Ligand code: ADP
Ligand code: MG
């Protein structure tokens, strides 16, 4: 049997620019149909990471906090999948409500990144990538973030997340 590929990786990110860079690297592992769930307190860096994802995917429009809209679609500038950036915070009804958003793209053809989606969007697919971002304990001023990525489902089983720590 081949080596088991770890399904999770822990990273330290030292600045907002490094967080964007992580997003650009992560984008290379993503493809249409992928769901990425971002968890972390306000100001953790979820949107900053998503900005890097958008850069890496080569999509149109600056990725900003989707706080005032539930979802924003960023079409690809090339022939890649669009990025659908969702702030599920106000998505009370969960998945049904999300399907009612009437986005002009189909989620299975998109890379879907969800902030605050726990307990709401898991039904979208059995496969998902969880990204947890947190500050060092007791550290309120520093730019250090701990990022943990964990793949769930068959989609992620063969993916070597370890390439992200290189
Ligand atoms: P969230 O979407 O999780 O609420 P944002 O990405 O909108 O967070 O904001 C993160 C804030 O923290 C930004 O002002 C960013 O400049 C700052 N920051 C400081 N250090 C980092 C880091 N290592 N990674 C990401 N953001 C950082
Ligand atoms: Mg945000």
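When the helices of the chain are scored as -39500 (n - 2.57) per DSSP H run of n ≥ 4 and the total is divided over every residue, the value at 222 nm lands at -5000 deg cm²/dmol. Beta-bridge orientation, the chain: approximately 60 percent antiparallel, per DSSP, counting only bridges with both partners inside. Counted by neighbouring Cβ atoms within 10 Å, the residues 128, 60 run from fewest to most as 60, 128. Across all directions, the shadow cast by the convex hull of the chain built on its C-alpha atoms averages 10.2 square nanometres.
A straight chain from residue 164 to residue 42 at 0.36 nm per residue would run longer than the Cα-Cα distance by 41.5 nm.
Label separation (residue 14 vs residue 144): 1.1 nm, computed from points 7 Å beyond Cα along the C-beta direction.
Remark: relative contact order (the chain) = 33 percent; criterion is Cα-Cα distance under 8 angstrom and separation of 6 or more residues. When the Gaussian network model of the chain links Cα atoms closer than 10 Å, the mean-square fluctuations of 49, 91, 103 top out at 103. For the pair residue 24 and residue 123, label points projected 7 Å from Cα toward Cβ lie 3.9 nm apart.
Under a Gaussian network description of the chain, with springs only between Cα atoms under 10 Å, the residue in 69, 113, 84 that fluctuates furthest is 69.
Since every read-out is calculated from the coordinates, none of them should be taken as a lab result. Remember, predicted model here, so these are calculated numbers, not experimental data. Every residue, glycine as well, gets a Cβ built from its backbone with ideal geometry; the counts of neighbours run over all protein chains shown.
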